Amino acid sequence: MNVLFLGATRGMGRALARQMAARGDQLYLLGRDEDQLARSAADLAARGKAGAPGVGMCDLGDPTTFEPAIAEASAALGGLDCVVVTAGLFGTQDALEDDLDRAYTLLQVNFAGTVVFCEHARRALMAKGGGTLCVFSSVAGDRGRKPVGIYGASKAGLSAYLEALDHRYRADGLVTVCVKPGFVKTGMTAGLKPPPFAGEPEPVARRVLKAIDRGTPMIYAPFMWRWVMFVIKLLPRFVMRKVGF
Amino acid sequence: MTDQAHIEGWGRIPGPGVERFGENLDRLSEQPTLFRGLGRSYGDSSLPAASKPDVVNTTLADRVLAWDADTGVLRAEAGLSLYTMNRVFLPQGWFTPVSPGTQFVTLGGMVASDVHGKNHHVAGCFGQHVRALRMRVADGRVLEVTPTQHEDLFWATVGGMGWTGAILEVEVQLRAVSSPWIHQTTERVDNLADLVARLKEVSREWPMTMSWIDCLKRGKHMGRGIVYYGDWAKAEDAPAKFPPWSREITMPIDAPSWALNPLSMGLFNFGVYNSHVPKTKSGLVSPETFYYPLDMVRRWNRAYGLAGFTQYQCVIPDTAGIAAVVRFMEALTATGAASFLCVMKDCGPQGQGLLSFPMPGTSIAVDIPVKKDTAAIVAKLNALVIGVGGRIYLTKDRFTTPADFRAMEPRLDAFLEVRHRWDPERRFRSAQSVRMLGDPDLPGAA
Ligand SMILES: Cc1cc2nc3c(=O)[nH]c(=O)nc-3n(C[C@H](O)[C@H](O)[C@H](O)COP(=O)(O)OP(=O)(O)OC[C@H]3O[C@@H](n4cnc5c(N)ncnc54)[C@H](O)[C@@H]3O)c2cc1C
Ligand SMILES: NC(=O)c1ccc[n+]([C@@H]2O[C@H](COP(=O)([O-])OP(=O)(O)OC[C@H]3O[C@@H](n4cnc5c(N)ncnc54)[C@H](OP(=O)(O)O)[C@@H]3O)[C@@H](O)[C@H]2O)c1
């Protein structure tokens, strides 16, 4: 499978890209830091079966980079079967309320940037008759909650977009996979106190890979968060105002 | 109990500290800060000084940066674990040149402790096989440090417990193996003197050796145990299939303080020793069975309960003779402090790392559950070790006094001189360097 990957340099993206490389998928990495991309490409070459992935520059904060990056990747790979987006930003609600420039950047990257990137990716995939688009949203988008108001809003928008894509284009061959991670221990969440059911990147990546292979439109990872969110979605407003999560 | 404000080593005695995680070690080391890996050192080696409570955890920096499958030269970020190296490179016919008794260690930790393994008598320590380090030093520079470039810093960092700078990348020569299987022989020996002699004998013929000793047994069977030795199996003798990786289980909770008592530990040892029939066994085993039996139970350190434990590891030099080993074991058994795990190993020549642990002699390692008298017991054992010109292993230690350390370490001044050259303000310091080297630890100290 030829995979275009945005976000493989760190966290869950790193873990997922390694599993793909290990089973022989051809990867092409996009990102915003040349040095980090080169390091990740070397890592995947050593661990993988398919040689060194190509790399290209693409910043979710800069929409002018999207189309050329995707075109170049597609040409280098000889066509795309799958596009994965794990890239994203996080900030605690307190930090974002204190720094509205940072909040604006996060909303821009996680929502507007990601959606427009996906539109370009969708066109590239559908031009070849279809393929899989796997994008990381979050459980934070499932319900407006005190500790993740702004970040959660960016992911709520993204989840809604991804669901609509699935409804609109599945019949035409575009398979959309929306991943909603719960708390996973990566650099993004280091420094936060892990709640019960915190996950690790490798098992999450295994679950996501299965969902990609099967074309599951939406998954929670780790699995337990499906039930956690099920309960949280049922809680009445007066309870949500009281509790800390 | 590793939470926001406390960190612990493998022996589970906590100290104040806050871990900082990240993939980019260059960025995380902009301010000189102690580094730690997987925290498998037992005592306070990987704990920060109380006045500088930040410590960088390297485990997210785990990328392979260069790999040459023809020559076996590997370059990687310092947080790459041996666990991953085994899974990626053993199927390609390459293994770490030196392996400790657990694969849950990082490259940086293996260099900083200059670890030794079952092949010490033929391969030396890990540092012997390191070709280059990329380091952050105290003045803020990032340097390529090799046995020929900044040579003094290189050999002070190998075995230097993180006190000379932060290791960002490691380049090491892996060793080619003839197959991924190990041909192992184990022999039961029923007393200490015979066991030490047998260990020396097999070490002359076999590249990988060690022994397990029942150090609870007194009288004429004192020091009875099992000698293990082996080598990588030749390709033609090995099964065609790759040995299966074992599935680990996790010790789910802390054992209550009474769980490990003389009776339960004695029963365990009795079981291990007496189930070893016939007297000599041979066969092909997986590298995990041979090297990492303890890794089968994740977090087995919980077996010692919340009070924690320490490991006492020393080397008794060959110059003192087998009699000195017997005397040491007698003293150890007499303290009644030892638990079931006691490992004995024959060490080869001393390496070039200025504070590397091994020297020609017999290394003895034993777990000691922490009680009120633990410091006194360590002091007593240290006195014996100093008396015969031996030394202890820093990466296991928590209780040795600065005076004892100085008495057993004639190389200390040479090390301190190099450290002073590279880090005059001793900015890279740990709880252990405060305790052992008298590093400043006043609140607000730079
Ligand atoms: C079950 C078990 C068996 C063992 N068997 C053996 C054995 O057979 N032989 C042997 O030699 N050892 C053995 N050890 C000890 C272990 O190999 C060492 O303590 C090793 O250093 C642990 O690696 P780590 O990544 O966990 O390092 P940590 O414990 O996190 O750190 C150890 C030291 O290295 C320093 N350090 C770590 N990373 C860096 C870096 N990137 N830059 C600078 N300094 C750094 C730390 O500051 C600290 O002083 C064993 C330990 C266990 C738990
Ligand atoms: N971890 C969790 O608990 C959790 C929970 C729910 C949802 N999620 C979501 O899951 C995804 C992955 O999370 P993670 O924890 O693996 O994150 P991470 O470790 O912080 O990695 C984030 C990745 O995104 C890339 N990135 C960030 N901003 C970018 C930009 N403007 N342009 C291009 N790339 C950019 C980073 O690249 P650089 O190397 O260049 O920085 C990095 O590869 C994210 O979308 C996150 O929101 C995570």
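The values are calculated or read from the model by the stated rules, or taken from the named source; none is laboratory data. Because the structure is predicted, anything quoted here is derived from the model rather than measured. All Cβ positions, glycine included, derive from the backbone under ideal geometry; neighbour counts span all protein chains shown.
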Revision key, fill the gap. Those residues of the stretch A:112-151 that are assigned to a helix (DSSP H, G or I), buried (at least 20 other Cβ atoms within 10 Å of the Cβ), within 13 Å of ligand 2 (Cβ to nearest atom) and in contact (Cβ under 8 Å) with a residue 40 or more places away in the chain come to a total of 8
Point to revise | Subset of the stretch B:387-403 that is outside any loop (DSSP other than H, G, I, E, B) and surrounded by fewer than 20 Cβ atoms within 10 Å (Cβ to Cβ) - its residue that is nearest to ligand 2 (Cβ to nearest atom) | key: B:Pro402
Point to revise | Qualifying residue in the stretch B:10-27 (condition: within 30 Å of A:Ala22 (Cα to Cα) and buried (at least 21 other Cβ atoms within 10 Å of the Cβ)) | key: yes
Exercise for review: Looking at (1) of a type in the set (A, V, I, L, M, F, W, C); (2) more than 14 Å from chain A (Cβ to nearest Cβ); (3) out of contact with any Pro (no Cβ under 8 Å at 6 or more places or on another chain); (4) in a loop (DSSP other than H, G, I, E, B), find the lone condition where B:Phe35 falls short.
Suggested key: (4)
Practice item. Give just the number: which of (1) within 14 Å of chain A (Cβ to nearest Cβ); (2) within 11 Å of ligand 1 (Cβ to nearest atom); (3) more than 19 Å from B:Gln352 (Cβ to Cβ) does B:Val88 not satisfy? Key: (2)
Revision key, fill the gap. The lone condition B:Gly361 fails out of (1) touching a residue at least 60 places away in the same chain (Cβ under 8 Å); (2) touching a Pro at 6+ places or on another chain (Cβ under 9 Å) is (1)
Check your understanding: Is there a residue being without any contact (Cβ under 8 Å) to a residue 24 or more places away in the chain, within 16 Å of ligand 1 (Cβ to nearest atom), surrounded by fewer than 20 Cβ atoms within 10 Å (Cβ to Cβ) and in a loop (DSSP other than H, G, I, E, B) anywhere in the stretch B:408-427?
Key -> no
Review point. Looking at (1) facing chain A (nearest Cβ under 9 Å); (2) closer than 15 Å to B:Asp295 by Cβ, which is the only condition B:Ser99 fails?
Key: (1)
Check your understanding: Exactly one of (1) farther than 25 Å from B:Thr84 by Cα; (2) within 14 Å of ligand 2 (Cβ to nearest atom); (3) away from every other protein chain (no Cβ under 14 Å) is unmet by A:Pro68. Its number?
Key -> (2)
**Study point:** Neighbours by Cβ (under 7 Å, 6+ apart or cross-chain): first from the stretch B:1-25, modelled with pLDDT under 95 and assigned to a helix (DSSP H, G or I); second within 13 Å of ligand 1 (Cβ to nearest atom) and of a type outside the set (A, V, I, L, M, F, W, C)
**Key:** none
Exercise for review: For the stretch B:122-180, enumerate the residues that are more than 12 Å from ligand 1 (Cβ to nearest atom), within 23 Å of B:Arg429 (Cα to Cα) and either within 14 Å of chain A (Cβ to nearest Cβ) or modelled with pLDDT under 95 (or both).
Suggested key: B:Val142
Review point. Does A:Arg23 satisfy the criteria of being surrounded by fewer than 16 Cβ atoms within 10 Å (Cβ to Cβ), over 15 Å from the mean Cα position of the chain (by Cα) and closer than 17 Å to B:Val88 by Cα?
Key: yes
Exercise for review: Output the residue which, of all residues in the stretch B:82-103 that are closer than 22 Å to B:Val56 by Cβ and surrounded by fewer than 21 Cβ atoms within 10 Å (Cβ to Cβ), is nearest to ligand 2 (Cβ to nearest atom).
Suggested key: B:Thr84
Check your understanding: If we scan the stretch A:36-49, do we find a residue that is within 13 Å of ligand 2 (Cβ to nearest atom), of a type in the set (Asp, Glu) and closer than 17 Å to B:Trp67 by Cα?
Key -> yes
Review point. Taking the stretch A:1-11 only, how many residues are within 11 Å of chain B (Cβ to nearest Cβ) and over 19 Å from A:Ser137 (Cβ atoms)?
Key: 1
Exercise for review: Report, ordered by the first and then the second residue, all pairs with beta carbons closer than 6 Å, sequence separation of six or more or different chains, a first member in the stretch A:41-53 that is at the interface with another protein chain (Cβ under 10 Å from one of its Cβ atoms), and a second member that is of a type in the set (D, E, K, R).
Suggested key: A:Asp43/B:Arg63; A:Arg47/A:Arg18
Exercise for review: Among the candidates B:Thr106, B:Thr59, B:Thr33, single out the residue that is within 16 Å of ligand 2 (Cβ to nearest atom) and out of contact with any helix residue (DSSP H, G or I) (no Cβ under 6 Å at 6 or more places or on another chain).
Suggested key: B:Thr59
Check your understanding: Can you name the residue in the stretch B:186-231 that is small (Gly, Ala, Ser) and more than 19 Å from B:Gln313 (Cβ to Cβ) and is also surrounded by the fewest Cβ atoms within 10 Å (Cβ to Cβ) among such residues?
Key -> B:Gly219
Review point. Name the pairs whose Cβ atoms lie under 7 Å apart, with the first residue in the stretch B:98-124 and free of Cβ contacts under 8 Å to residues at least 12 places away in the same chain and closer than 23 Å to B:Leu199 by Cα, the second in a loop (DSSP other than H, G, I, E, B) and more than 7 Å from ligand 1 (Cβ to nearest atom), and 6 or more positions between them or separate chains?
Key: none
Check your understanding: How many residues does the stretch A:12-40 contain that are of a type in the set (Ser, Thr, Tyr) and within 12 Å of another protein chain (Cβ to nearest Cβ)?
Key -> 1
Practice item. Could you check how many residues of the stretch A:172-197 are surrounded by 17 or more Cβ atoms within 10 Å (Cβ to Cβ) and more than 14 Å from every other protein chain (Cβ to nearest Cβ)? Key: 10
Check your understanding: Are any residues in the stretch B:65-80 part of a strand (DSSP E or B), within 9 Å of chain A (Cβ to nearest Cβ) and surrounded by fewer than 16 Cβ atoms within 10 Å (Cβ to Cβ), and if so, which ones?
Key -> B:Ala66
